[in-house]
1. Between Asn268 and Asp100, what FRET efficiency follows from the Cβ-Cβ distance if R0 is 35 Å, with the result rounded to 0.05?
2. Using helices alone, I'd like the mean residue ellipticity at 222 nm for the chain: each DSSP H run of four-plus residues gives -39500 (n - 2.57), total over residue count, nearest 500.
3. At a threshold of 8 angstrom on Cα-Cα distance, excluding pairs fewer than six apart, so keeping six or more, what relative contact order does region 1-101 reach in percent?
4. Which GluC sites (Glu not before Pro) does region 96-147 hold that lie in a coil by DSSP with at most 15 other beta carbons within 10 Å?
5. Counting other Cβ atoms within 10 Å, keep those with at most 15, restrict to DSSP loop, and tell me which trypsin sites (Lys or Arg not before Pro) in region 242-276 are left.
6. Between Thr3 and Met39, what is 0.36 nm times their sequence separation minus the Cα-Cα distance? Round to one decimal in nm.
7. Just need the relative contact order of the chain here, percent rounded to a whole number, with Cα pairs under 8 Å and 6+ apart.
8. When only Cα pairs under 8 Å and 6 or more residues apart are kept, what is the percent relative contact order across region 47-194?
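The values are calculated or read from the model by the stated rules, or taken from the named source; none is laboratory data. Every value quoted in this text rests on a predicted model; they were computed, and no experiment measured them. Cβ: placed from backbone, ideal geometry, glycine included. Neighbour counts: every protein chain shown. Note: accessible area is taken over every heavy atom of the protein model, side chains too, but ligands, DNA and RNA are not part of it. Shrake-Rupley method; radii C 1.70, N 1.55, O 1.52, S 1.80 Å.
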Amino acid sequence: MTTKFEAESNVKLRREKLDVILGDQGTALMLGGIMATDMRIARAAYRGGCRIFEPNHPAMALQMGLSGATTMNEAEAIRHLVPLSRMTTAVEGLRAVLGDEVFITCAAAGTFTEQQPVPFTQEDVLKLAYAGADCVHSHKSSIEDIAQLAEYCHRAGLLCEAYISAYDTFGVQAPTDELLLQAIKDYEDAGVDILGLCTGMIYQGQGATGFSEECLHRIRLFIENTHVVKALEGGIKPGNIGAVKKLGFDILVMSTALDNICQEATANTVKTVMNL
């Protein structure tokens, strides 16, 4: 176990690393899905300019075909079955292939509110730290769980990332202005280093042409009242990312949209080859 001084020093260094990335890019991309679990694709994303990667257990469940999962909805239902060793291997691969410059935030069984509850312990956080992670990506639905996770992370020298959502399996629910403001305060008091908003699952979400007025209103409240690094997750795709970048978030999270592009490109290429 690291000493308190070592842990605090590592937390500071990781915050500084993230600050450098955000300072260089303004609004940075955090890539999950295939982009963070296949090292060849991760390297291509790196060449394109991505410096923040999010290996997560739902994406790993899809990569494994765990329990026959072929869609994200199916993967979300059985994500808790992914062993921690698969996630530490993904982190180790990203660090070995992309080096120390990138920021890696990792989700594992127990860092979300799972359909089948599983423990996520101090030892598990240390394993992610030893593998090369900078942060734990979480979607816990209670502030008490988040406060415990943030404590585990900081003891291990890692940062903690959490989200506000409409559904209790993806973060603390905040369907009104008052609850949103309270959730922001509670998260920051709990020690969260990166706080995100799941707009694909809250406030009517967004479409190809932009956000609903209700969603924009809540986004403004979130931006104006959040004092830690601000992330946006859900529904972000190449067709709307230009408009989304203007909202004022530090990080935009993309995974499913790029996964779909990879799958479609593969299908079309194989079809072309087969018809030659």
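1. E between Asn268 and Asp100, to the nearest 0.05, is 0.45.
2. Details: 12 runs with 140 residues, N = 276.
Roughly -15500 deg cm²/dmol at 222 nm, from the helical runs in the chain.
3. It comes to 24 percent, rounded to a whole number.
4. Working: sites: Glu101, Glu114, Glu123, Glu144; in loops: Glu101, Glu114.
In loop regions of region 96-147 (DSSP not H, G, I, E or B), the sparsely surrounded GluC sites (Glu not before Pro) are Glu101.
5. Working: sites: Lys245, Lys246, Lys271; in loops: Lys246.
Within region 242-276, the qualifying trypsin sites (Lys or Arg not before Pro) (loop, at most 15 other Cβ atoms within 10 Å) are Lys246.
6. Length difference between fully extended and current span is 9.7 nm.
7. Working: 505 pairs, mean separation 47.1, N = 276.
Relative contact order of the chain: 17 percent.
8. Working: 259 pairs, mean separation 28.8, N = 148.
Dividing the mean separation by the residue count of region 47-194 yields 19 percent.
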